[in-house]
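Below is one structure, written out as structure tokens; comments come after it.
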Amino acid sequence: MIVRDRADTLTLLTTLRGSILLRVAPRLLAVFVLALGVTLAHAAYPLPRWPLATLPFTLLGLALSIFLGFRNSACYDRWWEGRRQWGALIAESRALIREVGALLPEDAALAHRLGGRIVAFAHLLRDHLRGEAGAGWEDWIAPAERDWLAGRQNRPDAALRRLSGELAALVAAGRLSDMLYRILAERIAAMTGIQAACERLRATPPPFTYSLLLHRTAWLFCIFLPFGFVQTLGLATPVVTVILAYAFFGLDALGDELEEPFALSQNALPLNAFVRTIEIGVLEALGAADLPPPLLPVDHVLT
Amino acid sequence: MIVRDRADTLTLLTTLRGSILLRVAPRLLAVFVLALGVTLAHAAYPLPRWPLATLPFTLLGLALSIFLGFRNSACYDRWWEGRRQWGALIAESRALIREVGALLPEDAALAHRLGGRIVAFAHLLRDHLRGEAGAGWEDWIAPAERDWLAGRQNRPDAALRRLSGELAALVAAGRLSDMLYRILAERIAAMTGIQAACERLRATPPPFTYSLLLHRTAWLFCIFLPFGFVQTLGLATPVVTVILAYAFFGLDALGDELEEPFALSQNALPLNAFVRTIEIGVLEALGAADLPPPLLPVDHVLT
Amino acid sequence: MIVRDRADTLTLLTTLRGSILLRVAPRLLAVFVLALGVTLAHAAYPLPRWPLATLPFTLLGLALSIFLGFRNSACYDRWWEGRRQWGALIAESRALIREVGALLPEDAALAHRLGGRIVAFAHLLRDHLRGEAGAGWEDWIAPAERDWLAGRQNRPDAALRRLSGELAALVAAGRLSDMLYRILAERIAAMTGIQAACERLRATPPPFTYSLLLHRTAWLFCIFLPFGFVQTLGLATPVVTVILAYAFFGLDALGDELEEPFALSQNALPLNAFVRTIEIGVLEALGAADLPPPLLPVDHVLT
Amino acid sequence: MIVRDRADTLTLLTTLRGSILLRVAPRLLAVFVLALGVTLAHAAYPLPRWPLATLPFTLLGLALSIFLGFRNSACYDRWWEGRRQWGALIAESRALIREVGALLPEDAALAHRLGGRIVAFAHLLRDHLRGEAGAGWEDWIAPAERDWLAGRQNRPDAALRRLSGELAALVAAGRLSDMLYRILAERIAAMTGIQAACERLRATPPPFTYSLLLHRTAWLFCIFLPFGFVQTLGLATPVVTVILAYAFFGLDALGDELEEPFALSQNALPLNAFVRTIEIGVLEALGAADLPPPLLPVDHVLT
Amino acid sequence: MIVRDRADTLTLLTTLRGSILLRVAPRLLAVFVLALGVTLAHAAYPLPRWPLATLPFTLLGLALSIFLGFRNSACYDRWWEGRRQWGALIAESRALIREVGALLPEDAALAHRLGGRIVAFAHLLRDHLRGEAGAGWEDWIAPAERDWLAGRQNRPDAALRRLSGELAALVAAGRLSDMLYRILAERIAAMTGIQAACERLRATPPPFTYSLLLHRTAWLFCIFLPFGFVQTLGLATPVVTVILAYAFFGLDALGDELEEPFALSQNALPLNAFVRTIEIGVLEALGAADLPPPLLPVDHVLT
């Protein structure tokens, strides 16, 4: 995620960091070359039937705007739901460790073990979503359990099973009542729900056919633009074409980025920072003396 | 569901797999032929009153874009809700088998029986939604129960009744407390809710009248387009008409596909893959040694 | 609700069943006559100042499209929420009868009595929403209770009170624990919520003023259309005017229908079919030998 | 709330009741006078540079339509959420009195006392939201409690505290188990949530700046309209300007009304009717012989 | 938050308080100067190829309107969610103190301690969200606990841990049953959720890239406007350009403000007033004789 203070206008207009410009530059270049060719050809052979009328452009531009607007809205909703799920995970992890501390105040080792599994779940979920084989979770799990966990296909879910298992053993041992177990079990069930929701966002992008239809329509639109402009705009055609292409391709490309909220692109969600927030919350609840610092953006990017 | 890596621009512009092009090809051809006829007729008899003014096209194109945008949004919401319901089913099945393992750790046969019913529910729900007589569920149910289940009209619900019945018997037998039963019963109630929500999506498409109004308006629009273009576009009329028809008919046809998220079309949801995910989750929770592999797309299509 | 297979293009273009055409025909005729008059008057007295400029039409058409789009979206949401509420009722009735069967397996008469009240609630709610004095509920209630129930002002709520009362009596008698009562009480509370939500949809349409503003703007727009078209479209004016009026009046009329999801119009929800689904679900859970068949559409309409 | 049967077209076009026309009449008159002045001035001094081009109007009209559409959608959502909250209150009051009757069937005086507090809460919430010092609640509260309640700043919340207090006393006295108390407490917690949500709707309108920006843009737009029309529309300018101003100002004014769902305007919610519905529901559950009639609209307006 | 009665039209048109005008004034000035330059240059050198055609403006204006509309909608949703979270906090604090009073009626000191922590949580959350080191919370916490709380990194969460801890100690001491603890624990869990949701709104603005793309497109649009107007509007160009720039820049700037609902800008949420509402609610529930007055707007601004 890109983190910037509200920049002054000059910075806003000149910064490249966070701009979609670099990403769509090849497309803009292609459109520019095409528009230049059309302009020169028109200057050389100004046939009276060359220009297209404005009507098809208005109609196609209108439809394209509405559909791009819809796709962007859908992609933003995905991105924001990813954020909401991780926000919920932060809340659930705090609530769970808080209740553990309140209900089982006498057993610090138990609290540390449970807290460690909560943090490990966050690490494992991030690695799972990003398809990485991170090792950050290992520090939070007792050595004896590490190998078992590493051998599971669905590691975050396995961590939750261990969490439930240990709490249920307390119930069987009479150290925790059914009702209090239920309070904790609800938190863990919510974590399972969060995991499944995140997997859903990662595994199911908006229908490919939709993106395809939009990409193609955007290309067709930008390719035909110079033909519509050249008669009235003359030599300004390439510049104006590129400006319009920037708006449409830019929005299209931004949709592509927001579509994958758990990727590693500049606009993806800073899962590392969220995991750190969870670490801090659990450690502070456990009464740790030293808390790790929150993650800070590097060169305006928080990962 | 079509699964593709983010393709380069060339692939995006040329791929047919996942394109809506084949589906709307007949309509595009019809519009092309019509536009060609109009163009030739106009070339032969260039009556001064032939062309229509641009105003009606702008007005109709505007209205059509907004209404198509709305319908697409509604259809996408249906598709995405279908996905959310199956994501919730994945979460509920994991949470249920996790709690069974935690609360009833001593009885492996019971856990296998309950786990089998969870998986069978997913199989049966998929078959129910797709109107298929699949047999994948049978491997997960004890032979004695198979015939009974096969004879039920609403098989997935019957599977849940058995699940509840066996758990309630544990309560009656004093092996499970009321409160712990409740934790499990909530998961099963959620599954009932998921089933009813999926049935709703399958049985109640957006109002037929709405689709009808849109189809007709789209047809009227595309049929009149060449009359509006021919005066200014001349011989380019058929091509430009087809491009616009591609955008409008394409979006309309895509809405048709997304409208039925549980069908077997290319853009429908990969229920088989979801069922497999549930199988893996249950089997891993049961401690199975061999897990079946996740389903992979075949020729870029996941079913 | 109109039920049709995905029709071929020809059927789509010619069917009247489900079309909004008949409903808006009088308005289209009025607009046609007006446009014809304008066209003839213009042919007779082609005053140079006759035509209106295109700007007001573009502006009004734009605003009208956006507002109609909004209203349609709001009406569709109402319709879909009605469907969701009934889908939830199907789920709640299945969950309730499933839990009754699981928790009170020994008392078949009790299960039948409770199941009968669940079905009766669905019947009574439908009658309540449609303002009908249906008698379908009577078969599901013991004769002794029928008169009492018939004398209540809010019959569905009274049926739920009896349901709660009988279950609470089991608690008082020690046959059902508090906790298990709670599981059942949650289902009944959900049914109360569903009833209130359905009453809300029936009793509170979108603000009348909003519909009024839209109707009037649509009328003004269609009345002025021929004045804007006649100069450029000539004799085609009446036809083109009617096409545009069809799109705008059609969407307006469709909004009127979706606004009342529990009415008896073609596009309203098939409450009878939903009630039958609930009957089947309860009867199968009670182990009935003969299940009534699902309701089928008659002449493509499901009620 | 205005209650009308689906009126025929003539009524729709002529009714003033429920129309926004009276409210925006002064603005329409101002615009009309301005447009008349512009028209006459142009007739007297038809300077060639007088008219504005259409481009700025199209651009501003487009932006204004989209922004008005958004604001209207936001205001409608507020209005509808207000309705949903009161619908939920109706459900909660029925569920609470139903459970009271089921769980505490032997103590009619208690049920009447609790039921009275439920109804009083509805009265007090309505008065609180409308800023009125109504006395309707007094009949539902025992005299001894009236003074205390009247002295509270937040009366509805105080009524709920008494409700909770009496139920908790039953728990302390061993007449109600913890679990059954919880069932009732959930209903009361929901009522607290409903109150806070209604207060939110009343106290926090959409940002004033937003309304301001829209009002000003709408005024600027309507003031400039005649300059854009006069060259092509001639003497029709004032009429056409007023029609457009009617659509834009009308929508703006309607948004103003929907913004405050608990006010006493024609389009506000009929809180009195909702309170009566709650009264009827509670009284019928208490077995009252005479039920008050539902409130009916007076001159098509339900308050 | 700006609080104004519904102002008359004159006030609406002239007020600066709450207007976005001051904020966008520099940008409007820049655009005005540019437009003036273009106008003068065109008057001096009226080259026939100077003006741009209208098509690019229509296309870009259309796209910009739709995208600005979307961004505004997203920002408004953030603002409104912030309000909803604080409304929920008001509800939760009232429900929690109500249940404490009902379930633990005998121990006034305990109720005061718990109530104090609830209010302190609201203070600490506000300070946390605004990044301020407020001291308002200290009055609500016993001196012995103040230092500990001041030393926590996440103070609001620490306050909740103390709340849970004290309640759990009552359970351990047998003064509160498990089930009644659960009722209170649900309220506290909701508060944890509210905190995480507010942190999410504060820490994660809409993607920077999105704002950047919009800002740049808006600038490009406004810079090119005079070139499109000058040929037809002549000397009116600067004025008309500024009007359009006001609408677009104004909406853009308003989005910037709504994006940060917890900031201290004029349109941000009045967190101080919400905290006071919570104070009043808790104090009245505790039976305090003197209640502090609700916060009132100062110069029409409520903070």
Please go through segment B:265-292 and pick out each residue that is within 10 Å of chain A (Cβ to nearest Cβ) and closer than 10 Å to B:GLY115 by Cβ. B:GLY281, B:LEU283, B:ALA285
Confirm whether D:ARG78 is within 12 Å of chain E (Cβ to nearest Cβ), over 30 Å from C:ALA168 (Cα atoms), of a type outside the set (Phe, Trp, Tyr) and in contact with a helix residue (DSSP H, G or I) (Cβ under 6 Å, 6 or more places away or on another chain). yes
Among the residues of segment B:54-64, how many are of a type outside the set (Val, Ile, Thr) and in contact (Cβ under 8 Å) with a residue 40 or more places away in the chain? 6
Just need a number here: residues in segment B:248-264 that are within 11 Å of chain A (Cβ to nearest Cβ) and surrounded by fewer than 16 Cβ atoms within 10 Å (Cβ to Cβ). 0
Is it fair to say A:THR11 is without any contact (Cβ under 8 Å) to a residue 12 or more places away in the chain, of a type in the set (Ser, Thr, Tyr) and away from chain B (no Cβ under 14 Å)? yes
Filter segment E:274-301 down to residues that are touching a residue at least 40 places away in the same chain (Cβ under 8 Å) and surrounded by 14 or more Cβ atoms within 10 Å (Cβ to Cβ), then give me how many there are. 13
Just name the residue that is nearest to C:ARG216 (Cα to Cα) out of those in segment D:250-270 that are under 9 Å from the mean Cα position of the chain (by Cα) and of a type in the set (A, V, I, L, M). D:LEU258
I need the full set of residues from segment C:41-55 which are at pLDDT 75 or above and more than 29 Å from B:LEU62 (Cα to Cα), in order please. C:ALA41, C:ALA43, C:ALA44, C:TYR45
Number of the condition not met by A:THR58 [criteria: (1) among the polar types (S, T, N, Q); (2) surrounded by 20 or more Cβ atoms within 10 Å (Cβ to Cβ); (3) modelled with pLDDT under 90; (4) under 24 Å from the mean Cα position of the chain (by Cα)]: (4)
If we keep only residues of segment B:195-217 that are buried (at least 22 other Cβ atoms within 10 Å of the Cβ), more than 20 Å from the chain's Cα centre (by Cα) and within 8 Å of another protein chain (Cβ to nearest Cβ), then the residue farthest from B:HIS123 (Cα to Cα) is B:THR217
Tell me which helices (runs of 4 or more DSSP H) are completely within segment C:147-255 and hold 3 or more residues being farther than 27 Å from D:THR11 by Cα and among the β-branched types (Val, Ile, Thr), or say none if there are none. C:178-203
Can you confirm whether segment A:241-248 contains a residue that is in contact (Cβ under 8 Å) with a residue 40 or more places away in the chain and either under 24 Å from A:GLN85 (Cα atoms) or of a type in the set (Val, Ile, Thr) (or both)? yes
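Condition check ((1) under 26 Å from the mean Cα position of the chain (by Cα); (2) more than 23 Å from B:SER93 (Cα to Cα); (3) buried (at least 23 other Cβ atoms within 10 Å of the Cβ)) across all residues:
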{"residue": "A:ALA111", "(1), (2), (3)": "no, yes, no"}
{"residue": "A:ASN154", "(1), (2), (3)": "yes, no, no"}
{"residue": "A:ARG175", "(1), (2), (3)": "no, yes, no"}
{"residue": "A:ALA185", "(1), (2), (3)": "no, no, yes"}
On the basis of being away from chain A (no Cβ under 14 Å) and modelled with pLDDT of 85 or more, does E:ALA35 make the cut? yes
Kindly provide the set of residues from segment B:217-235 that are of a type in the set (Ser, Thr, Tyr) and more than 21 Å from C:GLY250 (Cβ to Cβ), ordered by number. B:THR232
Being at positive phi and touching a residue at least 60 places away in the same chain (Cβ under 8 Å) is the requirement here; does D:GLY234 meet it? yes
Give the residue that is farthest from the chain's Cα centre (by Cα), with candidates limited to residues of segment C:220-247 that are under 22 Å from C:SER73 (Cα atoms) and facing chain B (nearest Cβ under 7 Å). C:LEU244
Conditions (1) closer than 25 Å to E:ASP290 by Cα; (2) surrounded by fewer than 15 Cβ atoms within 10 Å (Cβ to Cβ); (3) touching a residue at least 24 places away in the same chain (Cβ under 8 Å): number failed by D:ALA142: (1)
Any idea which of D:LEU184, D:LEU163, D:LEU167, D:LEU180 is under 28 Å from D:GLY134 (Cβ atoms), at the interface with another protein chain (Cβ under 8 Å from one of its Cβ atoms), touching a residue at least 40 places away in the same chain (Cβ under 8 Å) and not hydroxyl-bearing (Ser, Thr, Tyr)? D:LEU167
Going by the structure shown, is A:LEU129 buried (at least 22 other Cβ atoms within 10 Å of the Cβ), out of contact with any strand residue (DSSP E or B) (no Cβ under 7 Å at 6 or more places or on another chain) and at pLDDT 95 or above? yes
Restricted to segment D:17-31 and to residues being over 9 Å from D:VAL242 (Cα atoms) and in contact (Cβ under 8 Å) with a residue 12 or more places away in the chain, the residue surrounded by the most Cβ atoms within 10 Å (Cβ to Cβ) is D:ILE20
Conditions: (1) crowded, with 23+ Cβ neighbours inside 10 Å; (2) under 18 Å from A:ALA169 (Cα atoms); (3) of a type outside the set (Lys, Arg). A:LEU104 meets all but one. Number of the miss? (1)
What's the number of the condition E:ALA91 fails, among (1) in contact (Cβ under 8 Å) with a residue 60 or more places away in the chain; (2) more than 14 Å from chain A (Cβ to nearest Cβ); (3) under 30 Å from D:ARG187 (Cα atoms)? (1)
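The values are calculated or read from the model by the stated rules, or taken from the named source; none is laboratory data. Since the structure is predicted, the reported quantities are computational estimates derived from the model, not experimental observations. As a convention, Cβ positions derive from the backbone with ideal geometry for all residues, glycine included, and neighbour counts pool all protein chains shown.
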